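To start, the structure itself, in structure tokens.
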Amino acid sequence: MKKQFSNYILVEHSLIKRDISVLRDRKTKPEMFRSALKRISRILAVEASKDLKLADINIKTPLENTAGYELAQEVVLVPVLRAGLGMLDGFLEVIPDAKVGHIGLQRNEKTLLPSEYYFKTPKNLKQTRVILIDPMLATGGSSSQALNFLKKKDAKDLVFVCLVAAPEGIKKLLEEHPNVKIYGAAIDRQLNIKGYILPGLGDAGDRTFGTL
């Protein structure tokens, strides 16, 4: 039985379950890993954007005039470098007019605390849906820090999307960012003593880019 968290939306889908299994398999090669990651990202992008604000418009079909819709708010995708880049293309296929920012955070393997090395986003985030993207929600330290950076940029409408989350990371974000919804494809059992998710899928960045 998966532990329930008020801030975590588990996106359950047969194709996601299939592709998460592909990602978990240690024998999966980088090209197949990237392909499965992209497929899951498309589905997560649909879920994380389904409540975007819309504006009514008038359009002409080949036969007559009719009512239609367009997005009424901007979307900014912010992948956490470098693993988050593996999810970016899937999101851009679903939201092609989104802008893209980047956050670079590196975890200290001894303290498990994140340190920033790069941060760049569009200037005005106040009225924007900002979707933070990172495959793994482990301790929650990096994700919480990234959300803090975005809030300092006046981001109000924040969503975090991951593939796999540990209960420890979800709990940390619930405590530190209770108004941020998390969308994910799986909740795993726990962290090991090194802060890695179990059963997990290894280092998502290394497996995406073949740098094992």
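Across the chain, Cα pairs under 8 Å and at least six residues apart give a relative contact order of 23 percent.
Over segment 123-212, Cα pairs under 8 Å with separation of 6+ residues give a relative contact order of 29 percent.
The packing ranking of peptides 138-145, 13-20, highest mean first, is 138-145, 13-20, where packing means the average number of other beta carbon atoms within 10 angstrom of each residue. Looking at segment 26-60, the trypsin sites (Lys or Arg not before Pro) that sit in a DSSP loop and have at most 12 other Cβ atoms within 10 Å of their own Cβ are 26, 27, 50, 53.
Note on the chain: with a GNM built from Cα contacts shorter than 10 Å, the maximum mean-square fluctuation among 161, 78, 46 falls on 46. Among 89, 97, 134, which one shows the highest mean-square fluctuation when the chain is modelled as a Gaussian network with alpha-carbon springs under 10 Å? Between 89, 97, 134, it is 97 that shows the largest mean-square fluctuation.
Comparing 123, 99, 29 in a Gaussian network model of the chain, where Cα atoms under 10 Å apart are tied by springs, the biggest mean-square fluctuation is seen for 123. Here semi-axes √(5λ) of the Cα gyration tensor in Å was computed from the coordinates, and among (1) 25, 20, 17; (2) 29, 20, 16; (3) 32, 19, 18 the match is (2). Taking the Cα centre of the chain as reference, the dipole from Cβ charges on Lys and Arg (+1) and Asp and Glu (-1) amounts to some 520 debye. Just check segment 48-150 against the gyration tensor rule for me: Cα atoms, a ≥ b ≥ c as the square roots of the eigenvalues, rounded for a/c under 1.5, and otherwise prolate or oblate depending on whether a/b exceeds b/c. Prolate, since a/c reaches 1.5 and a/b exceeds b/c. Over every Cα atom in segment 1-41, the radius of gyration and the widest Cα-Cα span, Dmax, amount to 12.2, 35 Å.
Roughly how many Å is it from the Cα centre of segment 134-148 to that of segment 2-38, as a whole number? With segment 134-148 and segment 2-38 each reduced to a Cα centre, they are spaced 18 Å. Computed over segment 128-203, the percent of Cα pairs more than 20 Å apart is 25. Local charge for residue 121 was computed over the other residues whose Cβ lies under 9 Å away, with Lys and Arg +1 and Asp and Glu -1, and equals +4. Taking every lysine pair in segment 143-189 that is 8 or more places apart or spans two chains, those with Cα atoms closer than 15 Å amount to 4. Scanning the chain for GluC sites (Glu not before Pro) that sit in a DSSP loop and have at most 14 other Cβ atoms within 10 Å, the longest stretch containing none of them is 110-212.
Values quoted throughout were computed directly from the atomic coordinates according to the rules given, and no laboratory measurement underlies them. Quick caveat: nothing in here was measured; it's all calculated off a predicted structure. For neighbour counting, all protein chains shown are included, and Cβ atoms are generated from backbone atoms with ideal geometry for every residue, glycine included.
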